[in-house]
Structures are given as structure tokens and as C-alpha cells.
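The next block holds one structure in the form of C-alpha cells; read it before the comments.
The values are calculated or read from the model by the stated rules, or taken from the named source; none is laboratory data. Bear in mind the structure is a predicted one, so any value in this text is a computation, not a measurement. Don't worry about glycine lacking a Cβ; one is built from the backbone with ideal geometry, like all the others, and counts go over all protein chains shown.
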Amino acid sequence: MKYLFALLVLVAQAFAVENRIEIIIVTPPEILLSPGQKQQMHAYGYYSDGTVTDLTSQVTWSSIESTVAIVSKTGLVTMKSAGSALIKATYTGYKGYGTVWNKFTPFIRVKPSTASFGKIQHIVFIMKENRSFDSYFGTFPGANGATTATISTGKVVTLGHLPDPPKHDMGHEWTDNHGNIDGGRMDRFDLELTCSVNNDNQCLTQSYQADIPNYWSYAQTYSLADAAFSSVSSGSYPAHLAMVSGSEQSVLDNPRSTQPAQWGCDAIAGTQVPYMLANETVGS
């Protein structure tokens with residue numbers, strides 16, 4: 001009998017792992033509203049086995065900036081004033097974020113140069129994961145970089161020195177990015193998953209020239225794009241797709257599976273990835 005009990009426990013554990021919730025995705029992820037306008041938002045739970053559940057009526061909705069926008073218990077957002085507001089959906093400890101704006105930040109337009117550099121012989125692509133511009137070039141002379149950051153309390157802190165290799169991983173997926181950005185305020189990085197272990201605040205650190213001399217040499221010799229950003233605020237996988245195909249293919253985040261680290265062509269059968277359908281619902 002004890003063996004049967006042990007088997008039942010193992011089956012129950014396997015079932016629990018297979019169906020664990022991974023992320024909460026709020027749609028539309030970004031909304032443009034004028035004061036007085038309303039928009040219904042939805043929340044979807046994405047599970048490790050690839051199933052998607054509409055949790056709109058089950059999550060707890062709240063607005064991080066209630067003076068800018070408010071949200072009802074059912075996810076109906078009302079824009080109150082100019083600015084941006086982070087809308088949060090919470091479910092059994094998991095959080096998802098959407099953002100409402102009354103005005104998007106315009107693209108920075110740069111006039112084309114009239115200088116001639118002759119025939120281009122080589123174009124080299126270097127793709128790095130889980131690093132921001134300020135992580136590598138925040139202290140680069142003349143660049144639009146940062147050496148300080150505002151955290152969720154409003155306090156301004158000086159960016160520390162990033163250890164190489166980092167002491168621990170930091171949150172760098174769909175939910176982390178949308179929460180960190182906070183409608184353009186960039187002030188919630190300290191609330192990121194595993195941002196700080198033993199108060200090291202590692203997500204608010206950066207490398208110096210002595211740490212990455214080759215990268216600084218490239219920047220000094222060639223060009224440094226200090227106002228270029230990823231096309232999707234998420235993890236590595238959508239960025240990989242954009243790198244090889246020119247688009248993230250509506251993929252929202254990294255693949256999920258019953259086993260860890262299952263990516264792309266070498267993933268086990270049954271591995272799924274969340275993506276956005278044309279009607280702004282979440283698919284798998």
C-alpha cells in the first residue's frame with residue numbers, strides 16, 4: 001500500500017508541475033487614451049503546459065498611478081489625466097502589467113549624414129542577452145547614458161559596479177520589463193524578480209571601461225547607438241526571432257515547458273511559447 005501511496009504522490013506532483021502558472025499577460029499591453037476615455041483590459045494566465053486561461057474576472061486589478069488612470073474590478077480602465085499609468089493584475093501571487101498613455105514618446109529623428117566613409121566592407125552583429133545600454137555604456141563619455149537610477153520609493157541611487165560574472169540571475173522577461181519601465185518612469189527596477197539578493201541591488205549596476213575594454217574600443221572606433229531599443233519589452237526569445245527574421249513574430253516571451261531550458265529547435269516535444277493573436281488575446 002505504501003508503494004501505491006508513493007506513486008500517487010509522484011503523479012500528483014508531476015501533474016502540479018505540468019500545470020503550474022508561469023506568467024500573467026495583460027492585454028492590450030499598451031493603450032493610448034485621452035482623458036475621459038475608457039478601455040477594457042484582459043488578463044491571461046499562461047501555464048507551463050501551454051494552456052491559456054482568461055483570468056480577467058478572477059484577477060485583482062489596480063492602478064499604480066491612480067491620479068492618471070483608474071481601473072474597475074472587472075478591468076475597465078478610465079483615463080483621468082495626462083501622463084501614463086501602470087495597470088496591475090494580481091492572481092495567486094503572480095502579477096501582470098499593462099500600460100495606458102495619453103501620448104506615446106515620439107521617435108528621435110536624426111538627419112542623415114552627408115559624410116562619405118567609402119565602401120562598407122563588413123557589417124558585424126554582436127548580440128548580447130540580458131544587458132541594457134547603461135549596463136555597458138552608461139559611463140561612456142558623450143553618450144546618452146545613466147549613472148544613477150530612481151527606485152520605487154522615489155529615491156535616486158548611484159549605479160553600482162556590476163560583478164563579472166554576475167552573482168545571480170535577474171528578472172528579464174515580459175512581466176519584469178513592463179513592470180520596470182512603469183509607463184516610461186523607469187523607476188521599478190528594484191522591485192524586479194531577484195533584483196537584489198542580500199541587498200546587493202545587482203539590477204542597478206553597470207560595467208566600466210576596464211571591465212569590457214573591447215566593447216569600448218568598438219564604440220570609440222566605430223558608432224555607438226545610444227538611443228536604440230529592443231522592438232519588444234520581453235525576454236531573449238522574441239529578440240532572437242527578431243534578429244533572424246526581422247520580427248518577433250508576435251511572440252511575447254520565452255518558451256515554457258514541463259522541463260527547464262527548452263528553447264527553439266532543440267526543445268522537447270510539447271514545448272510552447274506565448275504569442276499575441278490579431279484580436280489581442282493570448283495564444284500558445
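Quick rundown of the values:
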quantity	calculated
From the options W101, W61, residue that is in contact (Cβ under 8 Å) with a residue 24 or more places away in the chain, more than 13 Å from A43 (Cα to Cα) and of a type in the set (F, W, Y)	W101
Residue list for region 136-187, restricted to those being more than 21 Å from D200 (Cα to Cα) and in a loop (DSSP other than H, G, I, E, B)	F140, P141, G142, A143, N144, G145, R185
Some residue of region 238-245 being assigned to a loop (DSSP other than H, G, I, E, B), surrounded by 12 or more Cβ atoms within 10 Å (Cβ to Cβ) and either modelled with pLDDT of 95 or more or under 23 Å from the mean Cα position of the chain (by Cα) (or both)	no
Selected residue (criterion: nearest to G246 (Cα to Cα)) from residues of region 113-142 that are among the β-branched types (V, I, T) and over 27 Å from the mean Cα position of the chain (by Cα)	I123
Any chance F137 is among the aromatic types (F, W, Y) and within 24 Å of K88 (Cα to Cα)	no
Some residue of region 23-35 being of a type in the set (V, I, T), over 19 Å from the mean Cα position of the chain (by Cα) and either exposed (fewer than 14 other Cβ atoms within 10 Å of the Cβ) or under 25 Å from Q262 (Cα atoms) (or both)	no
Number of positions in region 18-27 that are within 17 Å of T60 (Cα to Cα) and outside any strand (DSSP E or B)	0
Every pair of residues 6+ apart whose Cβ atoms lie under 6 Å, when the first sits in region 198-211 and is within 23 Å of P141 (Cα to Cα) and aliphatic (A, V, I, L, M) while the second is at pLDDT 95 or above and surrounded by fewer than 20 Cβ atoms within 10 Å (Cβ to Cβ)	L204/L159
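Each row is one residue, and each column tells you yes or no for (1) of a type in the set (S, T, N, Q); (2) touching a strand residue (DSSP E or B) at 6+ places or on another chain (Cβ under 7 Å); (3) at pLDDT 95 or above.
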| site | (1), (2), (3) |
| --- | --- |
| Y44 | no, yes, yes |
| S63 | yes, yes, yes |
| T67 | yes, no, yes |
| A85 | no, yes, yes |
| G93 | no, no, no |
| G96 | no, yes, yes |
| T105 | yes, no, no |
